[in-house]
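Remarks on the structure that follows.
The values are calculated or read from the model by the stated rules, or taken from the named source; none is laboratory data. Just so it is clear, the model here is predicted, and its values are computed rather than measured. Because the Cβ atoms are built from the backbone with ideal geometry, glycine has one as well, and the counts that use them run over all protein chains shown.
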Amino acid sequence: MSDTNASLAVRDLQVLWHPCTQMKDHESFAVVPIRSGRGVWLEDFEGRRYLDGISSWWVNLFGHANPYINAALAEQLETLEHVLLAGFTHEPAVRLAERLLRLAPDGLSRCFYADNGSSAVEVALKMSFHFWRNQGMSGKTRFVTLQNGYHGETLGALAVGDVALYRETYQPLLMSAFTAPSPDCYFREPGETCAAYSERRFRDLDALLARHADEVCAVIVEPLVQCAGGMRMYDPVYLTLLRDACDRYGVHLIADEIAVGFGRTGSMFACEQADITPDFLCLSKGLTGGYLPLAAVLTRDSVYAAFYDRYVTMKAFLHSHSYTGNPLGCRAALATLDLFERSDVLGRNRELAAHLAHRCERFAGHPHVAEVRQTGMILAIELIRDKARRQPFPWQERRGLTVHREALQRGVLLRPLGDVVYFMPPYVITPEEIDRMVEVAADAIERALAD
Ligand SMILES: *Cc1c(COP(=O)(O)O)cnc(C)c1O
């Protein structure tokens with residue numbers, strides 16, 4: 001028997017427990033069954049189509065069921081689906097490492113694979129700590145993170161994150177990190193430039209490092225955009241200053257580009273806009289074009305060298321995941337990188353981003369829009385109750401959720417973060433599809449503000 005939307009939704013609620021969801025919400029709003037995807041469109045069992053305005057949680061770059069990636073994966077499937085990466089190797093893993101290291105900022109020369117973003121963050125944290133320990137500096141046991149930062153949901157990643165909604169409950173389980181003020185330009189003073197604000201905030205971090213560098217392994221940041229924290233954005237100057245400070249104080253810089261890597265902010269990697277090389281670059285999400293879970297942590301020769309010794313010195317990095325460097329994931333990633341090479345993706349994204357900006361000008365003067373902000377292919381609209389007093393809607397009203405539901409009914413998938421409505425579409429979206437996405441968002445926002 002073939003499924004319908006309703007029958008699949010019923011079966012789902014009998015057996016599944018969904019991520020990031022209060023399951024009771026589904027008493028009043030059904031899960032959305034998706035039968036197929038093509039390009040920016042998802043389709044349910046009754047032929048209703050949804051424009052994927054958030055790239056299925058920021059992973060998709062070149063559309064669903066992309067023919068080129070599909071073909072590469074089909075070939076890989078016939079060749080090698082998986083082999084352990086300890087003691088063994090395979091061509092997709094080697095080729096992907098070569099290509100990532102060529103693309104990444106200068107100075108990164110080693111690639112360690114993991115299988116999701118949180119795991120990549122865990123790898124970077126452990127490697128940094130272990131590096132200092134191998135250098136005889138075992139007093140370095142702590143990390144510095146930014147207010148409102150997000151680095152994933154596993155306990156280590158959660159400990160260096162600062163989004164209360166995800167973190168607070170688990171606080172007693174988490175290692176304690178130093179938290180520095182965010183350079184997030186939403187809080188700049190009237191008349192203050194974003195760069196000036198980010199620079200001002202940097203001074204707090206500098207002071208923190210001056211006091212605590214002896215205990216600190218690394219500073220971890222999301223370059224340019226704090227995505228899960230509400231698409232909050234800051235100026236590249238902060239990264240430039242941060243790189244310099246990390247060098248001065250002898251601490252590592254971990255760039256978590258899991259969400260912003262692969263062209264999302266306008267450059268291949270966000271760090272390029274500050275012309276810096278982090279000591280660890282964490283990649284996942286768009287890495288496989290949104291096809292398969294895979295992550296990579298790129299680091300420097302100097303880090304690698306600190307672990308390289310006779311076995312009995314016990315300096316090796318013994319971390320592993322069963323699916324480390326999975327060949328299908330690596331092959332999807334290689335096909336994704338091919339697509340970047342085959343056309344001027346970043347150039348086209350600039351045009352699309354400009355078109356999106358133009359279409360969203362209408363929101364800026366809205367009495368319940370605090371700010372419209374954009375970095376490359378991310379545009380966010382922050383809804384607010386009282387614009388003059390910067391007073392948010394009570395969170396219990398869940399206005400963003402109403403936007404989500406209203407937009408879905410109109411065939412667009414938006415999934416606001418609290419009251420922040422944002423667009424983060426696949427790069428294959430057309431200007432006409434952008435128009436439609438924005439039009440639907442405008443309607444949905446009006447509905448959500450109506451009462
Ligand atoms: C999504 C995300 C993660 C976690 O990745 P998962 O694959 O969901 O574990 C980490 N850091 C950032 C910046 C992210 O956006």
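In the stretch 235-260, the qualifying residues are those that are within 16 Å of the ligand (Cβ to nearest atom) and charged (D, E, K, R), and the one that is farthest from Ala210 (Cα to Cα) is Glu257. Put simply, of Arg405, Arg331, Arg389 the only residue that is assigned to a loop (DSSP other than H, G, I, E, B), out of contact with any strand residue (DSSP E or B) (no Cβ under 9 Å at 6 or more places or on another chain) and not hydroxyl-bearing (Ser, Thr, Tyr) is Arg389. Determine if the stretch 88-110 includes at least one residue that is in the same structural domain as Gly229 (by TED's automatic domain parsing), crowded, with 16+ Cβ neighbours inside 10 Å, within 16 Å of the ligand (Cβ to nearest atom) and under 20 Å from the mean Cα position of the chain (by Cα). Taking every residue of the stretch 88-110 in turn, none turns out to be in the same structural domain as Gly229 (by TED's automatic domain parsing), crowded, with 16+ Cβ neighbours inside 10 Å, within 16 Å of the ligand (Cβ to nearest atom) and under 20 Å from the mean Cα position of the chain (by Cα).
Keeping to the stretch 365-388, report how many residues are of a type outside the set (Lys, Arg) and closer than 22 Å to Gly266 by Cα.
Counting residues in the stretch 365-388 that are of a type outside the set (Lys, Arg) and closer than 22 Å to Gly266 by Cα gives 11.
For the stretch 241-260, a residue qualifies if it is farther than 25 Å from Glu189 by Cα and buried (at least 21 other Cβ atoms within 10 Å of the Cβ), and the qualifying residues are Cys246, Val251, His252, Leu253, Ile254, Ala255, Asp256, Glu257, Ile258, Ala259, Val260.
Residue-wise test of (1) of a type in the set (Val, Ile, Thr); (2) over 30 Å from Glu43 (Cβ atoms); (3) surrounded by fewer than 18 Cβ atoms within 10 Å (Cβ to Cβ).
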{"position": "Ala354", "(1), (2), (3)": "no, no, yes"}
{"position": "His358", "(1), (2), (3)": "no, no, yes"}
{"position": "Gly365", "(1), (2), (3)": "no, yes, yes"}
{"position": "Val369", "(1), (2), (3)": "yes, yes, no"}
{"position": "Leu383", "(1), (2), (3)": "no, no, no"}
{"position": "Lys387", "(1), (2), (3)": "no, yes, yes"}
{"position": "Gln396", "(1), (2), (3)": "no, yes, yes"}
{"position": "Gln409", "(1), (2), (3)": "no, no, yes"}
{"position": "Asp443", "(1), (2), (3)": "no, no, yes"}
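Where in the stretch 1-118 are there helices (runs of 4 or more DSSP H), lying fully within it, with 3 or more residues that are closer than 26 Å to Phe262 by Cα? If you could, list the steps in order and put the result at the bottom.
Working: elements: 5-15, 55-58, 67-79, 91-103.
In the stretch 1-118, 55-58, 67-79, 91-103 are the helices (runs of 4 or more DSSP H) which contain 3 or more residues that are closer than 26 Å to Phe262 by Cα.
Do the conditions hold for Gly411, that is, is it touching a residue at least 12 places away in the same chain (Cβ under 8 Å), out of contact with any Cys (no Cβ under 8 Å at 6 or more places or on another chain) and on the phi > 0 side of the Ramachandran plot? The answer is yes for Gly411.
Let's see how each residue does on (1) surrounded by 19 or more Cβ atoms within 10 Å (Cβ to Cβ); (2) closer than 26 Å to Trp395 by Cβ:
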| position | (1), (2) |
| --- | --- |
| Glu189 | no, yes |
| Asp204 | no, no |
| Gln226 | yes, yes |
| Leu239 | yes, no |
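Considering only residues of the stretch 141-151 that are crowded, with 24+ Cβ neighbours inside 10 Å, in a loop (DSSP other than H, G, I, E, B) and of a type outside the set (Ser, Thr, Tyr), which is farthest from the ligand (Cβ to nearest atom)? Residue satisfying both the conditions and the ranking: Gly149.
Among the residues of the stretch 10-50, which ones are small (Gly, Ala, Ser) and modelled with pLDDT of 95 or more?
Hits for the stretch 10-50 are Ser36, Gly37, Gly39, Gly47.
Against the condition at pLDDT 95 or above and under 22 Å from the mean Cα position of the chain (by Cα), how does Gly53 come out, does it pass? Taking the combined requirement at face value, the residue satisfies it. If you go through the stretch 316-326 one residue at a time, do you hit one that is buried (at least 19 other Cβ atoms within 10 Å of the Cβ) and in a helix (DSSP H, G or I)? No; the residues of the stretch 316-326 include none that is buried (at least 19 other Cβ atoms within 10 Å of the Cβ) and in a helix (DSSP H, G or I). Any chance the stretch 13-27 includes a residue that's within 22 Å of the chain's Cα centre (by Cα), within 16 Å of the ligand (Cβ to nearest atom) and touching a residue at least 24 places away in the same chain (Cβ under 8 Å)? So far as the stretch 13-27 goes, no, none of its residues is within 22 Å of the chain's Cα centre (by Cα), within 16 Å of the ligand (Cβ to nearest atom) and touching a residue at least 24 places away in the same chain (Cβ under 8 Å).
Each row is one residue, and each column tells you yes or no for (1) touching a Lys or Arg at 6+ places or on another chain (Cβ under 7 Å); (2) more than 24 Å from Val123 (Cα to Cα); (3) at pLDDT below 95; (4) outside any strand (DSSP E or B).
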site: Gly229; (1), (2), (3), (4): no, no, no, yes
site: Asp235; (1), (2), (3), (4): no, yes, no, yes
site: Leu239; (1), (2), (3), (4): no, no, no, yes
site: Leu242; (1), (2), (3), (4): no, no, no, yes
site: Ala245; (1), (2), (3), (4): no, no, no, yes
site: Ile254; (1), (2), (3), (4): no, no, no, no
site: Ala259; (1), (2), (3), (4): yes, no, no, yes
site: Phe262; (1), (2), (3), (4): no, no, no, yes
site: Met268; (1), (2), (3), (4): no, no, no, yes
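In the list Ala74, Ala124, Ala65, which residue meets the criterion of being touching a residue at least 24 places away in the same chain (Cβ under 8 Å) and more than 29 Å from Glu168 (Cα to Cα)?
On the way: Ala74 fails: touching a residue at least 24 places away in the same chain (Cβ under 8 Å); Ala124 fails: more than 29 Å from Glu168 (Cα to Cα).
Residue meeting the stated conditions: Ala65.
Against the criterion of being in a loop (DSSP other than H, G, I, E, B), in contact with a helix residue (DSSP H, G or I) (Cβ under 9 Å, 6 or more places away or on another chain) and within 16 Å of the ligand (Cβ to nearest atom), Ser182 qualifies.
Of all residues in the stretch 279-321, those satisfying the criterion of being away from the ligand (no atom under 16 Å from the Cβ) and farther than 26 Å from Gly250 by Cβ are Arg310, Tyr311, Val312, Ser320.
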